[in-house]
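Some notes on the structure that comes next.
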Amino acid sequence: MDRYNPQKIEQKWQKIWEETQPFSAGADGKDLPKDQNTPKVFLAEMFPYPSGAGLHVGHVRNFTIVDVLARFYRQQEMNVLRPFGYDTFGLPAENYAIKTGISPQEATATNIKNFRKQLKRLGFAIDWSREINTSDPEYYRWTQWCFLQLYKKGLAYRKESYQWWCPVDQTVLANEQVENGHCWRCGSEVEKKKMKQWFFKITDYADELLSDIDQLDWPDKIKTMQRNWIGRSDGAEIEFEIISEGEESAGDFKIKVFTTRPDTIFGATFLVLAPEHPAVSKLVTDETREKVDAYRTDALKKSEIERQENKEKTGVFTGSYAINPATGEKIPIWVSDYVLMGYGEGAIMAVPAHDERDFEFASKFDLPVKQVIEKPDNSTDGEQCYHGEGKLVNSGHFDDTDTSDAREVVTAWLEEQGVGKQKVTYKMRDWLISRQRYWGCPIPIAYDKDGNEYPIPEDQLPVLIPEVEDYKPDNSGRSALAKAKDWLKVDIEVKDEKTGKTHTETMTRETDTLDGYACSSWYLWRYASPHDNQHAWSEDAIKYWAPTDVYVGADHAVAHLLYIRFWCKFFADQGYLPFREPIKTLLYNGYINAPDGKKMSKSKGNVIDPLDIIDEGYGADTLRTYEMFIGPYDLDAAWDPKSVGGVYRFLNRCWTLCFGGSAGTGSKKQAESIPTLAIRHKTIKKVTEDIHRHSFNTAVASLMEYVNELYKIGAKTEDLITLAKLLKPFAPHLASEMLEKLESDDIWPTWDEKYLKKDTIELIVQVNGKLRAKLSVPVEALEDQAKLEELAKGEPNVQKFTKNGIKKIIFVKKAKLLNIVAAK
RNA sequence: GCCCGAGUGGCGGAAUUGGUAUACGCGUUCGACUUAAAAUCGAAUGGAAUCUUCCAUAUGGGUUCAAGUCCCAUCUCGGGCACCA
């Protein structure tokens, strides 16, 4: 007998799969399969960034989950779409280019080639005719098309916003790249620069994005994170009239605030504005101007992280007062950085008696605190600052109203007075998509000499990324695209509104590129018809294949998974998609850590390279099966080199069973005498159900049990066929080799309940819930409770524990269990 | 601080709807084969004992005939959010 040689059989089957391309989803190179009445399943992983380092074990776990499902459904003769793609834009390729001069285009091509080669060595059942790559002009042409659709509907827009700017590196910095007000690279002090940036108006869909979360078959963790991210708050917007010092009234000048507690308005003893609030400059007086300006400048310098770290309240008085519309009292207006410009109105009414932050501020600056809710006697809430519910006091004609009712009643009253209204506010902000970077999808916009925007006409797409020699951003504050002087100029046809005549104008292109998340916000739909050169996706193909049935990944809980939902809803509204949620089931897999339990990292030198595992002689089948066996897919797990050996032993035993050799001494003795039907059908059921519920580790465990059993009682051909079929999703090469020898197809087996029924069952006898005896009884006996009770009472061990008599007996037929409640 | 999730042998973990706790794998020990080792095959393996009984699912309570599973409190770890009015 040949020994189990993964190297040999894996090469053999990979060559066969390469030649026959058995995993094509469509018929004869088309998008759709022949028989579209057959149920479909569309499976995908979150496509990877193809790094130069190649696959790591985390990728393998992620992709194997998808592959097990793909092969499982394929064996069940469903139409399976299991494509693959590469998310290739991004900073690593650009930094590499700056360092080496090798273009991102070239580096990306090399990396994809390497990835593809490695993926094939893992035996993934990928439809290779559908590979996509976000930096391929044939792909990003349609990313630009998507942008233009959003633009047309006013959901892609430009606005001024503050960005971190390093004056030495001449570049914009992300919030996380600013440490203590200094650039993380050069250490120089950064400044906030107001820049015009592109945004997608995701907030238009805030409500639907929130409410549709309920219907998703996604992990609760992710759903909660998305809910929190969207952060809906129901409350009221209230207007406060302003009176400047020395003047009676400032006319129509009013400050709007947002509050979730309009019921506490009688307790609002001052207003606080964010430092960036545009009204601040109008509120300062000659005495306060200098101090307020200094405070504002200082606040602008601080990063948001710093603002959060330093919770000590700071602030300055503007010198102006507002009128509390409920009490008519004159209340001071302050400026403080604990109020954020980006949320609500950027201004609050402070109710120090019932809000912790306002209380802190009032204490520090000696501002009045006015209680308006009576704290119930049984409340354990803080002494000084009660935020719970209760009855209103000091609130005029609302006294004695319950706060829970008062929110609505007070809002209605404010509305009557014309000073307030109901308002819903979200934490989520619009999605900033401008990136001053070279290696991204160019934004298809041009500007005329006056700076007016013009979309690049759809028939001129793609706006290609120009070739440049130096990828570094320069002191213009624009991406390296600006260095391509010829590329910058573009002729756009302009129609004169009045005359209706058109003329051609030479304009300047936008040099910002799109956030990479834009490219990944529609790629799942591209998979349905990846070669369509007339549309981003074809109507028929998308109708059959999409939405994605199972999507597997380990990252992007909020960003990507929220953006793709947003685009889905937008394109559904435009009539391009016949569904409003892109992903039915989301599997969020855990990470694989190093054997020491720490994160794998090059610097720690604890990285396990999956290709090494294959090459050491274990093979891809062992690697795949081990990663499914390592633990529940959604939990982090530590790599255990010893356990890899255990899985290899298991596959070796499968091989031995099938190809002969020293399979258990028992097989010789009992081979044909003992029926294996029961264990066979039990295993089919268990593995099938386990895969359905994504319990891959227990599916593998039950295959191990089956093999152990077959070693003891001997395997019939039907057992070997069953084993190979059930094993195939996990270890496809070995299973294919077995099925070839056994001359069998790979169609998923079904189980028959009749083989799972036994003639005799084991009756569990408990006394007071503790196991005291196990009785072997005929199945029919389960129908006769009285007889079972007799039998149980006859057991010496039962008698021993029921000396003082029996109170009652509980019989659970389903559990085959009898619990005797003994008297004391 | 707030919101989730988790805590089970020496280790990774199983127990799907409240019903036999510890499946499967690793490790360890013993045995077979071998001159020997590896590989392979077989057996044992939660702890303690008075040897078939007690104690064990982070800790302390509770509900129940019955709790790893449900409820309350506490501790530890992981993740997320974090001045969002």
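I'd like the full set of residues that are among the aliphatic types (A, V, I, L, M) and under 23 Å from the mean Cα position of the chain (by Cα), limited to the range A:30-79.
Passing the criteria: A:41, A:43, A:44, A:46, A:55, A:57, A:60, A:65, A:66, A:68, A:69, A:70.
Name every residue in the range A:261-285 that is out of contact with any Asp or Glu (no Cβ under 8 Å at 6 or more places or on another chain), over 20 Å from residue A:421 (Cα atoms) and of a type in the set (Gly, Ala, Ser), in order of residue number.
A:279, A:281
Could you please let me know if residue A:449 is farther than 30 Å from residue A:159 by Cα and open to solvent by 50 Å² or more (accessible area, probe 1.4 Å)?
It is false that residue A:449 is farther than 30 Å from residue A:159 by Cα and open to solvent by 50 Å² or more (accessible area, probe 1.4 Å).
Working only within the range A:480-510, note down all residues that are in contact with a Pro (Cβ under 6 Å, 6 or more places away or on another chain) and either among the charged types (D, E, K, R) or part of a loop (DSSP other than H, G, I, E, B) (or both).
A:484, the sole residue that qualifies.
Any idea which residue in the range A:684-706 is farthest from RNA strand B (Cβ to nearest atom), counting only those that are closer than 17 Å to residue A:66 by Cβ and small (Gly, Ala, Ser)?
Among those that are closer than 17 Å to residue A:66 by Cβ and small (Gly, Ala, Ser), it is A:699.
What tally of residues in the range A:734-785 results from selecting those that are among the small types (Gly, Ala, Ser) and assigned to a strand (DSSP E or B)?
2
Identify all residues within the range A:813-824 that are under 22 Å from residue A:777 (Cα atoms) and surrounded by 11 or more Cβ atoms within 10 Å (Cβ to Cβ); write none if there are none.
A:813, A:816, A:817, A:818, A:819, A:820, A:821
Let me spell it out: the conditions are (1) surrounded by fewer than 16 Cβ atoms within 10 Å (Cβ to Cβ); (2) part of a helix (DSSP H, G or I); (3) away from RNA strand B (no atom under 12 Å from the Cβ), and residue A:788 meets all of them except one. Which number is the exception?
(1)
With respect to residue A:404, is the statement that it is modelled with pLDDT under 90 and farther than 30 Å from residue A:91 by Cα true?
The answer is yes for residue A:404.
Quick one: which of A:362, A:353, A:406 is under 42 Å from the mean Cα position of the chain (by Cα), open to solvent by less than 40 Å² (accessible area, probe 1.4 Å) and farther than 27 Å from residue A:311 by Cβ?
Answer to the check: A:406.
Among (1) open to solvent by 60 Å² or more (accessible area, probe 1.4 Å); (2) more than 21 Å from residue A:627 (Cα to Cα); (3) out of contact with any His (no Cβ under 8 Å at 6 or more places or on another chain), which single condition is residue A:686 missing?
(2)
Taking the range A:618-636 as the region of interest, how many residues are of a type in the set (A, V, I, L, M, F, W, C) and open to solvent by 10 Å² or more (accessible area, probe 1.4 Å)?
So the count comes out to 3.
Kindly check whether there is at least one residue in the range A:508-519 that is farther than 22 Å from residue A:90 by Cα, touching a residue at least 12 places away in the same chain (Cβ under 8 Å) and in contact with a Ser or Thr (Cβ under 6 Å, 6 or more places away or on another chain).
no
Within the set of pairs 6 or more residues apart or between chains, which connect a residue that is touching a residue at least 60 places away in the same chain (Cβ under 8 Å) inside the range A:621-646 to a residue that is acidic (Asp, Glu) and within 9 Å of RNA strand B (Cβ to nearest atom) with Cβ atoms less than 8 Å apart?
Correct list of pairs: A:630/A:640.
Among the candidates A:739, A:775, A:756, which residue alone is more than 9 Å from RNA strand B (Cβ to nearest atom), under 30 Å from residue A:73 (Cα atoms), in contact with an Asp or Glu (Cβ under 8 Å, 6 or more places away or on another chain) and open to solvent by less than 100 Å² (accessible area, probe 1.4 Å)?
Among A:739, A:775, A:756, only A:739 is more than 9 Å from RNA strand B (Cβ to nearest atom), under 30 Å from residue A:73 (Cα atoms), in contact with an Asp or Glu (Cβ under 8 Å, 6 or more places away or on another chain) and open to solvent by less than 100 Å² (accessible area, probe 1.4 Å).
Could you give every pair whose Cβ atoms fall below 6 Å, whose first residue belongs to the range A:670-687 and is closer than 14 Å to residue A:715 by Cα and modelled with pLDDT of 85 or more, and whose second residue is in a helix (DSSP H, G or I) and not β-branched (Val, Ile, Thr), counting only separations of at least 6 or pairs across chains?
Partner pairs satisfying both residue conditions: A:677/A:755; A:678/A:755; A:679/A:709; A:680/A:719; A:681/A:755; A:683/A:702; A:683/A:706.
Looking at the range A:339-346, is at least one residue near RNA strand B (Cβ under 8 Å from one of its atoms), buried (at least 23 other Cβ atoms within 10 Å of the Cβ) and within 25 Å of residue A:426 (Cβ to Cβ)?
Yes, because at least one residue in the range A:339-346 is near RNA strand B (Cβ under 8 Å from one of its atoms), buried (at least 23 other Cβ atoms within 10 Å of the Cβ) and within 25 Å of residue A:426 (Cβ to Cβ).
Can you work out which of the residues in the range A:637-656 that are within 9 Å of RNA strand B (Cβ to nearest atom) and aliphatic (A, V, I, L, M) is surrounded by the fewest Cβ atoms within 10 Å (Cβ to Cβ)?
Within the range A:637-656, the match that is surrounded by the fewest Cβ atoms within 10 Å (Cβ to Cβ) is A:638.
Quick check on residue A:336: is it within 15 Å of RNA strand B (Cβ to nearest atom) and modelled with pLDDT under 90?
No, not satisfied.
Residue A:424 is checked against (1) loosely packed, with under 14 Cβ neighbours inside 10 Å; (2) over 29 Å from the mean Cα position of the chain (by Cα) and fails just one. What number does that condition carry?
All conditions are met except number (2).
Would you be able to say whether some residue in the range A:376-387 is among the aromatic types (Phe, Trp, Tyr) and either open to solvent by 50 Å² or more (accessible area, probe 1.4 Å) or at pLDDT 90 or above (or both)?
No: the range A:376-387 contains no residue that is among the aromatic types (Phe, Trp, Tyr) and either open to solvent by 50 Å² or more (accessible area, probe 1.4 Å) or at pLDDT 90 or above (or both).
Which residue is farthest from RNA strand B (Cβ to nearest atom), if the candidates are limited to the range A:423-461 and must be of a type in the set (Gly, Ala, Ser) and in contact (Cβ under 8 Å) with a residue 12 or more places away in the chain?
If we take residues in the range A:423-461 being of a type in the set (Gly, Ala, Ser) and in contact (Cβ under 8 Å) with a residue 12 or more places away in the chain, then A:446 is farthest from RNA strand B (Cβ to nearest atom).
The values are calculated or read from the model by the stated rules, or taken from the named source; none is laboratory data. These figures come from a predicted structure and were not determined experimentally. Please note: Cβ atoms are built from the backbone with ideal geometry, for glycine as well, and neighbour counts cover all protein chains shown. With ligands, DNA and RNA removed, areas are computed over all heavy atoms of the protein, side chains included. Shrake-Rupley method; radii C 1.70, N 1.55, O 1.52, S 1.80 Å.
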